[in-house]
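The values are calculated or read from the model by the stated rules, or taken from the named source; none is laboratory data. Here the structure is a predicted model, which is why all the values come from computation and not from measurement. Positions of Cβ are backbone-derived with ideal geometry, glycine not excepted, and every protein chain shown enters the neighbour counts. The accessibility values were calculated without ligands, DNA or RNA, using every heavy atom of the protein model including side chains. Shrake-Rupley method; radii C 1.70, N 1.55, O 1.52, S 1.80 Å.
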Amino acid sequence: MLKEPKFIFDPLLRGRRRPFMLTGVDTTETQTTPPPGVVLARAERPKGMKNSDGKRMLWVSHMTRIRDHQDQAAFAELFDHFAPRVKGFLIKSGANNSLAEECAQEVMATCWHKAHMFDPARASVATWIFTIARNRKIDVLRKERRPEPEELTWGPEEEPDQADVMAIQQESEILGRAIAELPEAQRELIQKAYFGDFTHSEIADQTGLPLGTIKSRIRLALERLRHAMK
Amino acid sequence: MKMAHEIKHHLTDDILMGYAAGTLPEAFNLMVAAHLSLCDTCRAQAESFDAVGGEVLNESMSNSAAMTSDSLAATMALIADGAMNSEAAVEQTADPVLPKPLRNYVGGSLDDVNWRGVGMGVKQAILPTSSGASARLLFIPAGAAMPDHGHRGVEMTMVLKGAFQDEDGYFARGDVEIADSDLHHTPVADIHEDCICLAVTDAPLTFEGLLPKIVQRFARI
Ligand SMILES: [Zn+2]
């Protein structure tokens, strides 16, 4: 139970079961193999769950195929969707076209190599790729290392529970929709906060809006998102 | 990790969002990583902000940039070359005071911290981070407070060992005091035992600014 009422924005708290460390040292050499016949995209959709999970469950299933079968066709589809977005993110962060191209390729290659570290009960594929791209941005564009929190130890690795996977993927769909439905001014600021490597003060300088306005708009946006995630 | 003390003073949305977006200076990222290592509440929040980033990325059709025509083939070639820069696993002993991100910056445990005395029994160790903000460990012997001169920039102080108290409350292991230039403390600080803190600030390192305010308050500097 969370004691502080302001912390109600926890799409990833439910179904959270083991650490999901992106840049931590990979100590899990043994890959887990899912039981035969597990098809993440189609299996046992719980009653009441909407059919439109975006393509989230498809991406999850692609990640499993990449991890278990080095499936190049699945990778190609993931690449088509995410590589241009990652490249756009890097350009917005200040990379020139060729550096952004190179980094986006590296980010996608990392998705392949670290496929066994992706935990669909903890994050959407988009979130996972975002964190890899963000870390690459800090590494390459800012030439800094990014301190990561200490890994939690959660017991033996095992295949995530399908209900947890569904719940997390569905929650990220709800979050995506809530962001899309934000008032224009608020949505723009959330986008700027993530795309563009600007602090809130720098956004204030750029837009000519007072810093207080920026902060209160972002606060309002987060309140809406938290409300949507209840 | 068992928490003896329930953390009451957390990181703000601003800071957690900046950590997720990757827009904070390295010293601030270190503070966040150290706090998340001790605080499950903020860790869950930080993951939620990662999720916002994921959705912004996913919906960023208008900001996407076309890849070159041979980019998939080039990426497959990269993949065939093997994983990049997989860092070697460094075996680290656990440390009851320093969480792992801090152990990485001192190169070991609390015993490896390169303390330098700054007077009145106060010691500090500046950690190697990029410019733009600075991070240091502070060792503050039990002491009394003195009037605060106000802050420049943002200063965050997290207790790693011991505790201190001021008008904002009681700060023990994992608690973060966040002060910005708007905030003027009237110090009622008191330490009951030697205290070790992580302090980060984006204030320029002028002569008077060389020591964080928290030390100035405790050590009568
Ligand atoms: Zn916290």
Note to self: Using a 7 Å offset from the Cα along the Cα-to-Cβ direction at both A:A73 and A:K143, what is the distance between the two label points in nm, to one decimal?
What the structure shows: 4.5
Check: Counting Lys and Arg as +1 and Asp and Glu as -1, what is the net charge of the other residues whose Cβ lies under 11 Å from the Cβ of B:D168?
Finding: -3
Next item on the list: Could you order A:F75, B:F139 by accessible surface area, starting with the largest, using a probe radius of 1.4 Å?
Entry: B:F139, A:F75
Check: Which sequence of B:I178, B:I140 reflects their accessible areas, 1.4 Å probe, from the largest down?
Finding: B:I178, B:I140
Next item on the list: Answer rounded, prolate or oblate for the stretch B:13-64, using the Cα gyration tensor with square roots of eigenvalues a ≥ b ≥ c: rounded when a/c is under 1.5, else prolate when a/b is larger than b/c, else oblate.
Entry: oblate
Next item on the list: Can you list which of the chymotrypsin sites (Phe, Trp or Tyr not before Pro) found in the stretch A:116-214 are DSSP loop residues with at most 15 other C-beta atoms within 10 Å?
Entry: A:W154
Notebook entry, point to check: What's the carbon and sulfur percent of the stretch B:13-64's accessible surface, probe 1.4 angstrom, rounded to a whole number?
Noted result: 44
Checklist line | GluC sites (Glu not before Pro) lying in DSSP loop within the stretch A:168-230, provided at most 16 other Cβ fall within 10 Å | finding: A:E181
Notebook entry, point to check: In Å² (nearest 100), what accessible area is buried between A and B, both sides summed, heavy protein atoms only, 1.4 Å probe?
Noted result: 6300
Notebook entry, point to check: A:T213 versus A:H113, label points 7 Å from Cα toward the beta carbon: distance in nm?
Noted result: 4.6
Next item on the list: With a Förster radius of 41 Å, plug the Cβ-Cβ distance of B:R116 and A:Q206 into 1/(1 + (r/R0)^6) and report the FRET value to the nearest 0.05.
Entry: 0.55
Next item on the list: Check each residue of the stretch A:174-200 and keep those whose accessible area, probe 1.4 Å, is at least 50 Å² smaller with all protein chains in place than in the chain alone; give them in order of residue number.
Entry: A:Y194, A:F195
Item checked: Cβ-based net charge around B:H9, under 10 Å, with every Lys or Arg adding one and every Asp or Glu removing one -> -2
Note to self: In Å², and per residue, what accessible area does the stretch A:112-221 have when probed at 1.4 Å with the other protein chains present?
What the structure shows: 40
